[in-house]
Amino acid sequence: MERRLAAILAADVVGYSRLMEVNEEATVRKLNACRQIIDGLVADHRGRVFGSAGDSVIAEFPSPVEAVRCAVDIQQELEVHNADLPEDRRMRFRIGVNLGDVIVEGGNLLGDGVNIAARLETLADAGGISLSRPVFDQIKKPLDLGYEYLGEHEVKNIAEPVRVYRVLTEPEAAGKIIGETRRAQSWKRMSLVATVAVLIGVAAAVTWLKPWAPTLEPASVERMVFPLPDKPSIAVLPFDNLSGDASQGHVADGLTEDITTALSQVSRLFVIARNSTFVYKGKPVKVQQVAEDLGVRYVLEGSVQRSGDQVRVTAQLIDAVTGNHLWAERYDRDMTELFALQDEITNRIVVALRIKLTEGEQARIHRKHTRSVEAGNLLSRGVEHFYRVNKTDNATARQWFEKAIEVDSGYALAYALLAWTHWFDAFHGWSETREESFERAASLAEKARALDDALPDVYALQGAIHLFKREYDEAIAAGEKAVAYSPNHATNTALLALILHNAGRPKEAIQTYKTAMRLSPYYPAWFLEDLGFTYLDAKQPDEALVAFEKFLERKPSAIHSAHAHIGRALAYDALSQEDEARAEVAKAVETDSGISLAKFGQHSLKKDRSGLERGLATLRELGLPE
């Protein structure tokens, strides 16, 4: 394997996707003209272009001096070339230059030397140039330029932080080095004296691959845990919080959640549920591994960096099967534009995957429950606790949702999630009065429906409320409506399965559970518990044993574990294995000393009361206390 030291220049067009959307043919012609200029200048400076895809260029040079001279000439020539065009039609490039060790593979170069140049490009301004410290050390004397130190930046897949410098080409800056002594963490203090534009540039420690980046290792379809669906499939990974402040993580999580929710309402897509993608949060996972774990072809990943009222968001869509980037973009916006940005990213995905939306889907995915950034942030903070499903976090989530409603009294989703917290109180026995909690949940659900009658969460909740009132037909209708509005919502799909099971339609429920589990491969444990009882009602005891065993592996203690042992006892009894059945009843009592026939019967919502009584009679014979 041949290695050598090389100066690498990476460049790509700013806002290329936007330009293509406005006028594809004119943009392609403009790009070709710019490429002729770039290729000619690279050759003039004894360089060689070894990588290009779409709107990008990667070139190597015999020295960093030649690489930076070429970068400066490129930006100056392109500025002249753009001079006669309107501002919104100018094609500007960002350029990054690095000096590092590379691996030679035929005519291609690979390795960190190339990757760092790619990351440096994302840190450059439109029409600007970013350098690594090794390049700066080599050129600061030979070249009559100025430089601004932008601090140390953590960049993706690179172990050590990279020290970054911005090239200043103004004549008055020649020979100057600005800010080199400041530490990387000082950008917040510097914001007091710097302009907003410089603040955003310094704060933009984004770590990103672009469409021109070296192709990723493709995922193996053969190694996928699940077969690929027969329609475009996607997982939205949790956006990284690059703000340097862990308390701002809710902004990144909220963006991830909103994009996932919007995509989940598109019937021609297969979208992995939020519960399953968030298991990768904060973990250094590879895209191809995620695709193989979840059984999807496309993966969206991104980052969010907030600085005051400004936010920088990067996003890229990857075809994991080919290893290619379908698109990547960086957005610098005011926080008040965050909701519009969510729509823009969602639209980009839909267009990239060539999905045609129905009119109803277009309306639903762009319907915003609030335009208040503050209310949205409060809701996101609550969601962090909501998904933990325990008494303390449920109460905390309720407080955040109530605060969101105080800020925006018309926030339908906040009312719906607030209603769910009361439903959880009733279901798990976390409140003093179960009936009051259910009534509160029903009242809030109706308020949410009045504000937005196309909100899937409302109908899922109403389905659960009707089930607890044993209004089975109404429960099924509401559950089916929730799934129709959001066909990729795993939890709502599982709730429909729960309703179908208790309404006496176990075979339909089994298939619905399987759909929910495919949408969320890392599904909640409760899916397994009720699936086990559904198999029992469908006269499939062997499958019931497997479901209960998987549940107990995840939840070996607590009241629902006692229920799982009871379910296994009924399954063994159906298989005429009485000793095993009695042993499971004993385990149930050992797990929960308060378990009894009366309590177990109370928890049942089954429409078939005679079937319930037969089950209780069997458990009595097997030794379950009254």
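Does the stretch 304-322 contain any residue that is more than 24 Å from V13 (Cα to Cα) and either under 15 Å from the mean Cα position of the chain (by Cα) or of a type in the set (S, T, Y) (or both)? Break it down stepwise before answering.
Of the stretch 304-322, the ones more than 24 Å from V13 (Cα to Cα) are 307-309, 321.
Cutting the leftovers down to either under 15 Å from the mean Cα position of the chain (by Cα) or of a type in the set (S, T, Y) (or both) gives us 307.
There is at least one residue in the stretch 304-322 that is more than 24 Å from V13 (Cα to Cα) and either under 15 Å from the mean Cα position of the chain (by Cα) or of a type in the set (S, T, Y) (or both).
Does K587 satisfy the criteria of being within 25 Å of T493 (Cα to Cα) and either assigned by TED's automatic domain parsing to the domain that holds G429 or over 38 Å from the mean Cα position of the chain (by Cα) (or both)?
On the way: within 25 Å of T493 (Cα to Cα): no; either assigned by TED's automatic domain parsing to the domain that holds G429 or over 38 Å from the mean Cα position of the chain (by Cα) (or both): yes.
Taking the combined requirement at face value, the residue does not satisfy it.
Please verify whether the stretch 122-136 includes one or more residues that are touching a strand residue (DSSP E or B) at 6+ places or on another chain (Cβ under 9 Å), among the acidic types (D, E) and either within 22 Å of R3 (Cα to Cα) or modelled with pLDDT of 90 or more (or both). Lay out the reasoning, then the answer.
Quick first cut of the stretch 122-136, residues touching a strand residue (DSSP E or B) at 6+ places or on another chain (Cβ under 9 Å) only: 122-136.
Remaining after also requiring among the acidic types (D, E): 125.
With the extra rule that they be either within 22 Å of R3 (Cα to Cα) or modelled with pLDDT of 90 or more (or both), the set shrinks to none.
Looking for residues that are touching a strand residue (DSSP E or B) at 6+ places or on another chain (Cβ under 9 Å), among the acidic types (D, E) and either within 22 Å of R3 (Cα to Cα) or modelled with pLDDT of 90 or more (or both), one finds none in the stretch 122-136, hence no.
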Within the stretch 28-55, considering residues that are closer than 20 Å to V80 by Cα, touching a Lys or Arg at 6+ places or on another chain (Cβ under 9 Å) and in contact (Cβ under 8 Å) with a residue 40 or more places away in the chain, the one surrounded by the most Cβ atoms within 10 Å (Cβ to Cβ) = D55
How many of the residues in the stretch 270-279 are out of contact with any helix residue (DSSP H, G or I) (no Cβ under 6 Å at 6 or more places or on another chain) and crowded, with 22+ Cβ neighbours inside 10 Å?
-> 2
Being surrounded by 14 or more Cβ atoms within 10 Å (Cβ to Cβ) and either at pLDDT 95 or above or part of a loop (DSSP other than H, G, I, E, B) (or both) is the filter here, so list the residues in the stretch 601-614 that pass it.
-> S604, L605, K606, K607, D608
Considering every residue within the stretch 274-291, establish whether at least one is at pLDDT below 90, more than 24 Å from L123 (Cα to Cα) and not charged (D, E, K, R).
-> yes
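Quick check, is H489 modelled with pLDDT of 90 or more and out of contact with any Gly (no Cβ under 9 Å at 6 or more places or on another chain)? Lay out the reasoning, then the answer.
Working: modelled with pLDDT of 90 or more: yes; out of contact with any Gly (no Cβ under 9 Å at 6 or more places or on another chain): yes.
Yes: the conditions hold for H489.
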Single residue of A617, A598, A558, A571 found to be surrounded by fewer than 17 Cβ atoms within 10 Å (Cβ to Cβ), under 43 Å from the mean Cα position of the chain (by Cα) and either of a type in the set (A, V, I, L, M, F, W, C) or not assigned by TED's automatic domain parsing to the domain that holds N502 (or both) = A558
Go through the stretch 578-600 and count every residue that is closer than 16 Å to F548 by Cβ and not in a helix (DSSP H, G or I).
-> 2
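This table checks each residue for (1) in the same structural domain as M20 (by TED's automatic domain parsing); (2) farther than 18 Å from L131 by Cβ; (3) more than 37 Å from the chain's Cα centre (by Cα); (4) free of Cβ contacts under 8 Å to residues at least 12 places away in the same chain.
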position	(1), (2), (3), (4)
S63	yes, no, yes, no
C70	yes, no, yes, no
Q76	yes, no, yes, no
A83	yes, yes, yes, yes
P86	yes, yes, no, yes
I95	yes, no, no, no
G100	yes, no, no, no
Among residues of the stretch 114-145, those that are crowded, with 20+ Cβ neighbours inside 10 Å and not in a loop (DSSP other than H, G, I, E, B), counted = 17
Out of all the residues in the stretch 237-253, which are buried (at least 23 other Cβ atoms within 10 Å of the Cβ) and in contact with a Gly (Cβ under 6 Å, 6 or more places away or on another chain)?
-> F239
In the stretch 280-295, anything in contact (Cβ under 8 Å) with a residue 60 or more places away in the chain, surrounded by fewer than 24 Cβ atoms within 10 Å (Cβ to Cβ) and touching a Pro at 6+ places or on another chain (Cβ under 9 Å) is listed as Q288, D293, G295
Among the residues of the stretch 504-535, how many are surrounded by fewer than 22 Cβ atoms within 10 Å (Cβ to Cβ) and small (G, A, S)?
-> 2
Do you know which residues across the stretch 298-311 are in contact with a helix residue (DSSP H, G or I) (Cβ under 7 Å, 6 or more places away or on another chain) and surrounded by fewer than 23 Cβ atoms within 10 Å (Cβ to Cβ)?
-> R306, S307, D309, Q310
So T515, is it without any contact (Cβ under 8 Å) to a residue 24 or more places away in the chain and either aromatic (F, W, Y) or part of a helix (DSSP H, G or I) (or both) | yes
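Starting from residues that are in a strand (DSSP E or B) and out of contact with any Gly (no Cβ under 8 Å at 6 or more places or on another chain), keep the ones in the stretch 152-172 and report whichever is modelled with the highest pLDDT.
Y165
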Return a yes/no flag: does the stretch 11-22 have any residue that is hydroxyl-bearing (S, T, Y), in the same structural domain as G113 (by TED's automatic domain parsing) and farther than 24 Å from L110 by Cα.
-> yes
Filter result (under 28 Å from the mean Cα position of the chain (by Cα) and surrounded by fewer than 17 Cβ atoms within 10 Å (Cβ to Cβ)) within the stretch 1-21 = R18, E21
Which listed residue, of L338, L357, L300, L326, is touching a strand residue (DSSP E or B) at 6+ places or on another chain (Cβ under 6 Å) and either within 28 Å of D245 (Cα to Cα) or assigned to a loop (DSSP other than H, G, I, E, B) (or both) | L300
Output for the stretch 102-113, where each listed residue is surrounded by fewer than 19 Cβ atoms within 10 Å (Cβ to Cβ) and either of a type in the set (F, W, Y) or over 32 Å from the mean Cα position of the chain (by Cα) (or both) = I103, V104, E105, G106, G107, N108
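Report yes if K550 is surrounded by fewer than 22 Cβ atoms within 10 Å (Cβ to Cβ), of a type outside the set (S, T, N, Q), closer than 27 Å to S276 by Cβ and touching a Ser or Thr at 6+ places or on another chain (Cβ under 6 Å), otherwise no. Don't jump to the end; show me each part of the working.
On the way: surrounded by fewer than 22 Cβ atoms within 10 Å (Cβ to Cβ): yes; of a type outside the set (S, T, N, Q): yes; closer than 27 Å to S276 by Cβ: yes; touching a Ser or Thr at 6+ places or on another chain (Cβ under 6 Å): no.
It is false that K550 is surrounded by fewer than 22 Cβ atoms within 10 Å (Cβ to Cβ), of a type outside the set (S, T, N, Q), closer than 27 Å to S276 by Cβ and touching a Ser or Thr at 6+ places or on another chain (Cβ under 6 Å).
The values are calculated or read from the model by the stated rules, or taken from the named source; none is laboratory data. The model shown is predicted, which means the values in this text are computed figures rather than measured ones. Cβ atoms come from the backbone with ideal geometry, glycine included; neighbour counts cover every protein chain shown.
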